[in-house]
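To keep things clear, I will list the structure first and then write my remarks on it.
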Amino acid sequence: MKPTSRFVSVMLASAMLLAACSKPEAPSEDIRPVRYVRASQNDQQAGTTFSGEIRARHEANLGFRVGGKITARLVNPGDTVKKGQLLARLDPQDYALDQSAKTAQLAAARSDLAQQEADLKRYRELLGKNFISQAQFDKLSAATDAARARFKQASAELGASQNQVGYTNLLADSDGVISTISAEPGMVVAAGQTVARLAHDGQREVAISIPENALETIRNAPRVTVTLWSGNHRYEGSLRELAGDADPATRTYAARIAIKNPDAALRLGMTATVTLPGSARQGTFRLPLTALLDENGKHFVWVVDASSHRVKRTPVTVIALDSDMVSLSAALPADAMIVTAGVHLLRDNQPVRLLDN
């Protein structure tokens, strides 16, 4: 073997020996960035909240009392109206013709009654002179009574016909605001068909839906807090009405919350939040719903150790939750750092990097 080849062989053997003796590098730990909040203990459990809308205490679906073709619509949604104000009108031609016919029938009945009463007067005089029999007089007397009844019937029918003509005008039955209206000129509507909705002036309420697990809570609540989404106005309210049966589709119970001391900021249709009062409870925390980890029916949160920046899964008890927050009870240290995002991607003792919130 040549010296050069011997030298190359020796170098290769040395390199292989060194590679066999060196230890493999330990894999680096996966440090996951997380967002967090600091949990502060509350002695007062946060109350349950429900979303609803501002409604009038009294609302009426308005419709014509007769059917026909709409010829005019005189108001728009959102208009303020007064009691007795004309809202829409039907074509009155057919009802006017019927009124004319009933007027003629009444005139004929009046003339017939006058004739029968005049004949009865003469027959009474003839009876007194024994020129006619009692039977003849009784027959004419009965005919006069029938004519009088026909006159009353014709008079009542004319009154009803006049009412029908009046019913072709849709009038507001109270001061208020037109919330919706579907009447358009040219539409043919049936008697009683809703063409407008009138929200009466006066007290304003919040219409909400209550799940069955909150029925007792809202029944026993002496007061609730109503908050407007627009402007963040707050009002005190109380339960005025609770449905006795659940809605078949949503399985919730319709409720009305009366608002005390309303002001001009309350407008129909506004979104409002109704908050039930919380109950006193030690060790209660309120966190974002995204911080909650649900595994096999049990609930946990990830607590970040302040010194090592490693996470620990901590069991908690859920007290109440809404669309974006959860109230829970747990043995958490004061100002504990709780992970609020990616809770399903973590494992116990995993190092994390805290992101600025």
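Every read-out reported here was derived from the displayed coordinates using simple, explicitly stated rules and does not represent laboratory data. Note that the structure is predicted; figures quoted are calculated from it, not measured. Every residue, glycine as well, gets a Cβ built from its backbone with ideal geometry; the counts of neighbours run over all protein chains shown.
Taking a cut-off of 26 Å between Cα atoms, list the lysines near K139, but don't count ones fewer than 8 places away on the same chain.
K139 reaches K121, K129, K152.
Compute the Rg/Rh shape ratio of segment 232-357: radius of gyration over Kirkwood radius, all on alpha-carbon atoms. Numbers along the way, then the final one.
On the way: Rg = 19.8 Å, Rh = 18.0 Å.
Ratio of gyration radius to Kirkwood radius for segment 232-357: 1.10.
Pick from L170, L266, L106: which residue has the top mean-square fluctuation in a GNM of the chain where Cα pairs under 10 Å get a spring?
L106
For the chain, what does the helix formula give at 222 nm: sum of -39500 (n - 2.57) over DSSP H segments with n ≥ 4, over the residue count, nearest 500 deg cm²/dmol? Please report the intermediate quantities before stating the final value.
Details: 4 runs with 94 residues, N = 357.
Helix contribution divided over all residues of the chain: -9500 deg cm²/dmol.
Relative contact order, percent, of the chain when contacts are C-alpha pairs under 8 Å separated by at least 6 residues? Provide the component values of the computation, followed by the final result.
Working: 678 pairs, mean separation 98.7, N = 357.
In percent, rounded to a whole number, it is 28.
In whole Å, how far is the Cα centre of segment 140-155 from that of segment 183-251?
55 Å
Relative contact order for segment 93-166: what percent, with Cα pairs under 8 Å and sequence separation of 6 or more? Provide the component values of the computation, followed by the final result.
On the way: 47 pairs, mean separation 39.0, N = 74.
The normalised contact order for segment 93-166 reaches 53 percent.
What does the net charge come to around I70 if you take all other residues with beta carbon closer than 13 Å to its beta carbon, with K and R at +1 and D and E at -1?
Numbers: positive: K69, R73, R89; negative: D91, E184.
Once positives and negatives cancel, what remains is +1.
From the square roots a ≥ b ≥ c of the eigenvalues of the alpha-carbon gyration tensor of segment 78-204, which class results: rounded (a/c under 1.5), prolate (a/b over b/c), or oblate?
Values: a/c = 5.54, a/b = 3.47, b/c = 1.59.
It comes out prolate by the Cα gyration axes.
What ranking do 111-119, 62-70 get when scored by the average of other Cβ atoms within 10 Å per residue, highest first? It would help to have the intermediate numbers written out before the result.
Details: 111-119: 14.9, 62-70: 18.0.
Output ranking for 111-119, 62-70: 62-70, 111-119.
Given Cα positions, please report Rg to Rh for segment 159-242, the hydrodynamic radius being the Kirkwood one. Please report the intermediate quantities before stating the final value.
On the way: Rg = 19.9 Å, Rh = 17.2 Å.
Across segment 159-242, the Cα-based Rg/Rh ratio is 1.16.
Once you compute Rg and the Kirkwood Rh from C-alpha atoms, what is the Rg to Rh ratio for segment 63-132?
Values: Rg = 24.6 Å, Rh = 17.0 Å.
When Rh is taken as the Kirkwood radius, the ratio is 1.45.
So, in Å, what gap is there between the alpha-carbon centers of segment 306-357 and segment 46-90?
If we compute the Cα centre of each part, the gap is 50 Å.
Only Cα pairs within less than 10 Å get springs; with that Gaussian network setup on the chain, which residue of L140, L293, L276 has the largest fluctuation?
Fluctuation is largest for L140.
Quick one: work out the % antiparallel among DSSP beta bridges in the chain, nearest 5. Provide the component values of the computation, followed by the final result.
Details: 75 of 78 bridges.
Beta bridges within the chain, antiparallel portion: roughly 95 percent.
What net charge do the residues around V206 carry, taking every other residue with its C-beta under 15 Å from that of V206, with Lys and Arg at +1 and Asp and Glu at -1?
Details: positive: R55, R57, R204, R223, R234, R240, R256, K260, R267; negative: E53, E59, E205, E236, E241, D263.
Around V206, the surrounding residues sum to +3.
So for F285, F131, F300, fewest C-beta neighbours within 10 Å to most, what's the order?
Details: F285 23, F131 10, F300 17.
Ranking F285, F131, F300 by Cβ neighbours within 10 Å, fewest first, gives F131, F300, F285.
What is the percent of Cα-Cα separations in segment 93-166 that go past 22 Å? Working shown, then result.
Details: 1039 of 2701 pairs.
The proportion of pairs with Cα distances above 22 Å equals 38 percent.
Between (1) 148; (2) 139; (3) 329, which matches volume of the Cα convex hull per residue in Å³ calculated for the structure shown?
Correct label is (3).
Determine the sum of side-chain charges near R234: Lys and Arg each +1, Asp and Glu each -1, restricted to other residues whose C-beta is under 14 angstrom from that of R234. Intermediate results must be reported in sequence, preceding the final value.
Working: positive: R223, K260; negative: E236, D263.
The answer is 0.
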